[in-house]
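In what follows, a structure is listed as structure tokens, so that the remarks can point back to it.
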Amino acid sequence: MAKIQFKDVTKVYDKKNKVIEHLNLEIENGSFTVLVGPSGCGKTTALRMLAGLEEVSAGRIFIGDEDVTVKEPGDREIAMVFQNYAIYPHMTIRENIDFGLKNAKVPKETREQIVKEVITLVGLEGYEEVKPSKLSGGQRQRVALARAISKKPKVFLMDEPLSNLDAKLRNQMRTELIQLHHKLKSTFIYVTHDQIEAMTMGDKIVIMNQGEIHQAGSPREIYNDPRNIFVAQFIGDPGMNGIKLTSGYTFGFRPRKVTFQKSGEFNGIEFKGIVLTREILGSEVLYCLDTAFGKIMLKTNDETHQSDDQVMLYVEKSDLYFFDREENRIYDKEQIETLYKEVVSA
């Protein structure tokens, strides 16, 4: 296990394309940390610099107390799992796992024991002599994981390893990766653009955009206390509704906090809406509604309304978020009260 530190790290391509600028991040020893953000935000570049697959333009990277900024990938005691599995198609599962150990000059008897242990750990007993072409996508990803585990690294790096799997397999593999982390107690760093993966897998989430960290914290902290509009609308299924006021400020509320009925002690905003679309999501329904504030999303277990229905909508005052003109969260109570009055009168 090892703590990871990015200290003022910058990555520039072709002397002008700055992908990451002054990245400062500490990843706790033994944590499951997820780097999440839209395509091109710099998350994979950060992971590849940590792995030694990309050069650092400026700054330092530490694994534990060791500066690995210019170390070769093979000397960093890390293992990386990619989205395309990167396993050898002409080798059996056993041979795929054994290959790296053999190159590392691990004695044969030790190799055999390690291969047996990791195959059991990832649940592939009985498939030792099978080649990858005979395996499902989930099984192939387990082979890649087994090969990574066999190296006994300090850090596991995973770059969107589930993106090639179908929805059912992704859900299954998410659970297996969480269990694997609990068993190994190693430092996991996982890159994804899928905020559902981030929220369900990570004990710490790092939200990135345009090469910068917008917020880092636990899933619950980030969901309940987004520091800016980007985080508020990126995290959530769907993200927060954001409505621009004439003053240039913005207020928002989560789709799950909009209701069709108000409570007996209701204290908040109420407004009319017209149902545009209705999506049945099993036990929940996602509505898109047209309102005086613009289009908003509502998520509920109430499926009584149809397209073109006119409805009343309610949001408690305590469920409203306010953001300044730079799109950062406002916490000042007096300013919030002034903006709330603007919302009510809008």
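The values are calculated or read from the model by the stated rules, or taken from the named source; none is laboratory data. Here the structure is a predicted model, which is why all the values come from computation and not from measurement. Here the Cβ positions follow ideal geometry from the backbone for every residue, glycine too, while neighbour counts run over all protein chains shown.
So here's what we get for this one:
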| read-out | value |
| --- | --- |
| Complete set of residues in segment 215-226 that are in contact (Cβ under 8 Å) with a residue 60 or more places away in the chain and surrounded by 19 or more Cβ atoms within 10 Å (Cβ to Cβ) | PRO226 |
| Of residues in segment 329-346 being assigned to a helix (DSSP H, G or I) and hydroxyl-bearing (Ser, Thr, Tyr), the one surrounded by the fewest Cβ atoms within 10 Å (Cβ to Cβ) | SER345 |
| Flag if PHE271 is of a type in the set (A, V, I, L, M, F, W, C), in a strand (DSSP E or B), within 23 Å of GLN335 (Cβ to Cβ) and modelled with pLDDT of 95 or more | yes |
| Residue among LEU162, LEU169 that alone is in a loop (DSSP other than H, G, I, E, B) and surrounded by 15 or more Cβ atoms within 10 Å (Cβ to Cβ) | LEU162 |
| Qualifying position, being touching a Leu at 6+ places or on another chain (Cβ under 9 Å), in contact (Cβ under 8 Å) with a residue 40 or more places away in the chain and closer than 14 Å to LYS299 by Cβ, among LYS272, LYS257 | LYS257 |
| Number of the exception - ARG140 against (1) under 21 Å from VAL36 (Cα atoms); (2) more than 16 Å from the chain's Cα centre (by Cα); (3) among the basic types (Lys, Arg) | (1) |
| Filter result for the condition that a residue is of a type outside the set (Phe, Trp, Tyr) and touching a Leu at 6+ places or on another chain (Cβ under 8 Å), over GLU284, GLU337, GLU327, GLU342 | GLU342 |
| Answer residue from segment 48-66, given it is crowded, with 21+ Cβ neighbours inside 10 Å and either among the charged types (D, E, K, R) or under 19 Å from the mean Cα position of the chain (by Cα) (or both) and is nearest to MET201 (Cα to Cα) among those | LEU50 |
| Subset of segment 36-84 that is free of Cβ contacts under 8 Å to residues at least 60 places away in the same chain, outside any loop (DSSP other than H, G, I, E, B) and hydrophobic (A, V, I, L, M, F, W, C) - its residue that is nearest to ASP166 (Cα to Cα) | MET49 |
| Residue list for segment 197-208, filter: surrounded by fewer than 18 Cβ atoms within 10 Å (Cβ to Cβ) and either part of a loop (DSSP other than H, G, I, E, B) or touching an Asp or Glu at 6+ places or on another chain (Cβ under 6 Å) (or both) | ASP203 |
| Of residues in segment 317-328 being touching a strand residue (DSSP E or B) at 6+ places or on another chain (Cβ under 6 Å) and closer than 15 Å to ALA232 by Cα, the one surrounded by the fewest Cβ atoms within 10 Å (Cβ to Cβ) | ASN328 |
| Cβ pairs under 9 Å, 6+ apart, first in segment 1-18 and over 20 Å from ASP65 (Cα atoms), second polar (S, T, N, Q) and part of a strand (DSSP E or B) | LYS18/THR10 |
| Given (1) on the phi > 0 side of the Ramachandran plot; (2) out of contact with any helix residue (DSSP H, G or I) (no Cβ under 8 Å at 6 or more places or on another chain), index of the condition GLU26 fails | (1) |
| Of all residues making up segment 209-241, the number that are in a strand (DSSP E or B) and touching a His at 6+ places or on another chain (Cβ under 7 Å) | 1 |
| Complete set of residues in segment 63-102 that are basic (Lys, Arg) and modelled with pLDDT under 90 | LYS102 |
